[in-house]
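The values are calculated or read from the model by the stated rules, or taken from the named source; none is laboratory data. Because the structure is predicted, anything quoted here is derived from the model rather than measured. No Cβ is skipped: glycine too gets one built from the backbone with ideal geometry, and neighbour counts run over all protein chains shown.
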Ligand code: ASP
């Protein structure tokens, strides 16, 4: 698959007269709509949208269809659906990919991180919005939270209903995301997630319901804020999540393969060997309870670690709480 990384139409005044033909090779161009071109205003903040696909960019065959739709809308069409955002910000766009978020990979993630860092380094750019499928949105959000060095806002946004649905949530979510990216109050708060009127920290927010609009939240850490009449309201002054570390990926071209193994009763202990044979350079196991696994699995994990030196790191399948074992080379022995 070919992904365009070309910046096209940055704060452009070029008008788009005809509807977008999705087969065009220059699909990735973003033009400001002709009828809202007067909204391009030097006194407005500049926000850049990086579009990757997902339900927010999807269409069904009827307005009642809310599963089984497909991705197809480009960044221009997302903006066209909410011309009001051009009253609050000048918009530029990059089409990074146009896929369901299950197909987001390290190539896309690294490209995003590098391009966002470059974009935010420009004094003219106030903030960035990333449109993304919700299924793995939290992974990209966490990755960006760990690789973006700017204090300016990076906002991940998606939708639970396709663009063609009755009460599609994408347009308002996008409007709120752009509002937040343009807001001085959003600085020094790290990468954030905006859906369904809520503002969450990318460090903590997860998708909790496969179907409903009210799906992104963090039970223990809570929300950073909400939108009231489209105005962002933060509950607290800016703060850093404890434990967040950032990595410089400017010269990184690929990421090490890390496999995630899910612990359960009768877990196959040889999954560790399968991972190593498949090229894993690290293994995270989602342990039972606070990070354990069966005795037989843990004995084999220890054998594999001693033989290969590949780090095996304990996490847990419980959605909240801390691990009993500190993250390290090996841990998590259960009975
Ligand atoms: N399948 C979609 C995805 O790309 C789901 C969504 O965006 O809500 O993750």
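Brief remarks on what is shown
- Residues of segment 199-236 that are within 17 Å of residue 55 (Cβ to Cβ) and free of Cβ contacts under 8 Å to residues at least 40 places away in the same chain: 209, 210, 214.
- Where a residue in segment 88-117 is free of Cβ contacts under 8 Å to residues at least 40 places away in the same chain and over 16 Å from residue 155 (Cβ atoms) and its partner, wherever it lies, is in a loop (DSSP other than H, G, I, E, B) and within 15 Å of the ligand (Cβ to nearest atom), with Cβ under 7 Å and at least six apart: 102/135; 102/136
- Only one of the listed residues (103, 146) is within 16 Å of the ligand (Cβ to nearest atom), surrounded by fewer than 20 Cβ atoms within 10 Å (Cβ to Cβ) and at pLDDT 95 or above. That residue is 103.
- Pairing each residue of segment 155-170 that is on the phi > 0 side of the Ramachandran plot and free of Cβ contacts under 8 Å to residues at least 60 places away in the same chain with any residue that is outside any strand (DSSP E or B) and within 9 Å of the ligand (Cβ to nearest atom), provided the two are 6+ apart or on different chains, yields C-beta distances under 7 Å for 167/161.
- Test: residue 108 is under 18 Å from the mean Cα position of the chain (by Cα), under 25 Å from residue 250 (Cβ atoms) and either surrounded by 16 or more Cβ atoms within 10 Å (Cβ to Cβ) or at pLDDT 50 or above (or both): yes
- Some residue of segment 232-243 being surrounded by 15 or more Cβ atoms within 10 Å (Cβ to Cβ) and within 21 Å of residue 143 (Cβ to Cβ): no
- Residue ID - nearest to residue 120 (Cα to Cα), chosen from residues in segment 48-76 that are within 16 Å of the ligand (Cβ to nearest atom) and in a helix (DSSP H, G or I): 75
- Search result, residues across segment 228-258 that are assigned to a strand (DSSP E or B), over 19 Å from residue 200 (Cβ atoms) and touching a helix residue (DSSP H, G or I) at 6+ places or on another chain (Cβ under 6 Å): none
- The listed residue being touching a strand residue (DSSP E or B) at 6+ places or on another chain (Cβ under 6 Å) and part of a helix (DSSP H, G or I), out of 139, 119: 119
Residue by residue, here is whether (1) surrounded by 13 or more Cβ atoms within 10 Å (Cβ to Cβ); (2) modelled with pLDDT of 95 or more; (3) closer than 28 Å to residue 203 by Cβ holds:
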| position | (1), (2), (3) |
| --- | --- |
| 274 | no, yes, no |
| 283 | yes, yes, yes |
| 313 | yes, no, yes |
| 321 | no, no, yes |
| 324 | yes, no, yes |
| 328 | no, no, yes |
| 334 | yes, no, yes |
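- Note on segment 114-143: residues that are closer than 27 Å to residue 163 by Cβ and more than 16 Å from the ligand (Cβ to nearest atom) amount to 7.
- Search result, residues across segment 149-169 that are within 11 Å of the ligand (Cβ to nearest atom) and not in a loop (DSSP other than H, G, I, E, B): 157
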